[in-house]
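Reviewing the structure listed below.
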Amino acid sequence: MRNSKFAAGIVAAVLIFLAGCQPQWSSNRNQVEAGGKTITVLDNPEAIAYPKTEVDALVRLDNVRGSDWLSDDELLVARENRDMKPEHVEGADWYPSNVYVHVLSTGQETPIHASEENQGFAVASPDKTKVFYKTFYLQSNTGRGNLLDLSSRSNLAFTKEDAITIDNGSWIDNDSLIYSTIDGTFYEMGTSDETPRRLLDTDEMFPGNLFRIGSLFYYTTLEGKLMSSSSDGSSAIDGVSNVVWMLPSPDEQRLALVRRIKSGNMELLITDLQGNTLHAIAQDSQIYGMAWSPDGTKLAYSGITPNGTVRGIYIADVSAGTSSPLSLDIKFISDPLRWNPSGNRLMVSSTLPDDDRNRNRSVTYLVRVS
């Protein structure tokens, strides 16, 4: 039964993707072989078109899906682990996707915990010594939470299967994270604990965008309410509605909010913690993938057209409320954007059709921003 569901989900995804996606990268590129992988370095084809943002090194990593940075030279990526036994579905072999540490300077890749399970959506702790990731079935939007210590390689699965959505959870500090289950219960998991600690029951199905700021929990409901909660209860933040995405700034004094407006489009706002608008940044059919720079002065995001393709990747100056586009031509974005620790390079994960294998493949771009 699982194989048939797996095949149906994959075939549907491939058909939808192939209907509107064609490769669109420049032919001005140099290929370098490193560690058995091909790294393509592309010239910036539109340097004059966007003078406000300089892109002087665009690195493309094929067949990996970037998820986070461990340092300016090390990435957390997901790719097929061909040392594992494949699953044969609909006449094709599907190898499990595992999380790897990818070293940019050498091209070397090392799995953090080799497994026959699919792994992904890895996020490093603030000190970059631990990794929070999910294991999941490819056709599912839910999975199991896992914690791994990078020095000892000890690994702990701390939730049940399909207990959390695959984009759920955030680090509180170097040694603990919070997450919510699909039934609206908040938990804290310490890196030295064996089991999570129950924090709060909200009675909200599928709460999203969960973060702790000070003593309060901020999250969104399926109806788009922005909520703040403590042990004494929950309350909606007045004047804020139809929220789709929310991300606190590094100093935890501002919120980047994406909300749906009357026209059906989305708008990106910078607000204070009470929901008062400080700057209106952008409007588009969809806005996705927000990422604050480490110093909190810039906000990266993608604008999406009505047919689901990427209109552009943008960098906003949050103090001025203005945005400039990056000269990166991609069709689809698959994950939130990620800044490197130095704040001068942006990770963009995309997907492309693989005609030879009749499926999608991942491509990760590393864009230098100054």
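The values are calculated or read from the model by the stated rules, or taken from the named source; none is laboratory data. All figures in this text were calculated on a predicted structure; none of them were measured in a lab. Don't worry about glycine lacking a Cβ; one is built from the backbone with ideal geometry, like all the others, and counts go over all protein chains shown.
The table below lists the values:
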{"quantity": "Tally, over the range 272-291, of residues that are of a type outside the set (A, V, I, L, M), surrounded by fewer than 21 Cβ atoms within 10 Å (Cβ to Cβ) and assigned to a strand (DSSP E or B)", "calculated": "7"}
{"quantity": "Residue match in the range 121-138 (condition: modelled with pLDDT under 95 and surrounded by fewer than 18 Cβ atoms within 10 Å (Cβ to Cβ))", "calculated": "yes"}
{"quantity": "Residue that is surrounded by the most Cβ atoms within 10 Å (Cβ to Cβ) [pool: residues in the range 231-248 that are of a type in the set (Gly, Ala, Ser), farther than 15 Å from Asp272 by Cβ and more than 24 Å from the chain's Cα centre (by Cα)]", "calculated": "Ser234"}
{"quantity": "Filter pass, Asn168 being of a type in the set (S, T, N, Q), closer than 24 Å to Ile213 by Cα and assigned to a strand (DSSP E or B)", "calculated": "no"}
{"quantity": "Candidates Phe217, Phe211, Phe186, Phe206, filtered to the one that is of a type in the set (Phe, Trp, Tyr) and in a loop (DSSP other than H, G, I, E, B)", "calculated": "Phe206"}
{"quantity": "Pair list, Cβ under 6 Å, 6 or more apart: the range 255-276 residue farther than 19 Å from Ser319 by Cβ, other residue part of a loop (DSSP other than H, G, I, E, B)", "calculated": "Arg259/Asn242; Arg260/Asn242; Asn265/Ser285; Gly275/Ile237; Gly275/Gly239; Gly275/Val240"}
{"quantity": "Residues satisfying the stated conditions in the range 64-102, i.e. part of a strand (DSSP E or B) and of a type in the set (S, T, N, Q)", "calculated": "Ser67, Ser97, Asn98"}
{"quantity": "Total residues in the range 87-119, condition over 19 Å from Leu147 (Cα atoms) and polar (S, T, N, Q)", "calculated": "3"}
{"quantity": "Scan of the range 353-369 for residues that are assigned to a loop (DSSP other than H, G, I, E, B) and in contact with a strand residue (DSSP E or B) (Cβ under 8 Å, 6 or more places away or on another chain), ordered by number", "calculated": "Arg357, Asn358, Val369"}
{"quantity": "Members of the range 109-165 found to be part of a loop (DSSP other than H, G, I, E, B) and either of a type in the set (Gly, Ala, Ser) or on the phi > 0 side of the Ramachandran plot (or both), listed by number", "calculated": "Ala114, Ser115, Ser125, Lys128, Ser140, Ser151, Ser152, Arg153, Ser154, Asp162, Ala163"}
{"quantity": "Near pairs, Cβ below 6 angstrom, 6+ apart or cross-chain, from the range 223-234 (part of a loop (DSSP other than H, G, I, E, B)) to any residue that is of a type in the set (A, V, I, L, M, F, W, C)", "calculated": "Gly224/Val243; Lys225/Ala236"}
{"quantity": "Residue that is over 16 Å from the mean Cα position of the chain (by Cα), in a strand (DSSP E or B) and of a type in the set (Gly, Ala, Ser), where the choices are Ser324, Ser342, Ser350", "calculated": "Ser324"}
{"quantity": "Verdict on Gly296 being at positive phi, touching a strand residue (DSSP E or B) at 6+ places or on another chain (Cβ under 7 Å) and modelled with pLDDT of 95 or more", "calculated": "no"}
{"quantity": "Any hit, the range 195-209, residues being within 30 Å of Val369 (Cβ to Cβ), of a type outside the set (Val, Ile, Thr) and surrounded by 13 or more Cβ atoms within 10 Å (Cβ to Cβ)", "calculated": "yes"}
{"quantity": "Residue within the range 327-336 that is closer than 22 Å to Pro248 by Cβ, touching a residue at least 40 places away in the same chain (Cβ under 8 Å), in a strand (DSSP E or B) and under 14 Å from the mean Cα position of the chain (by Cα) present", "calculated": "yes"}
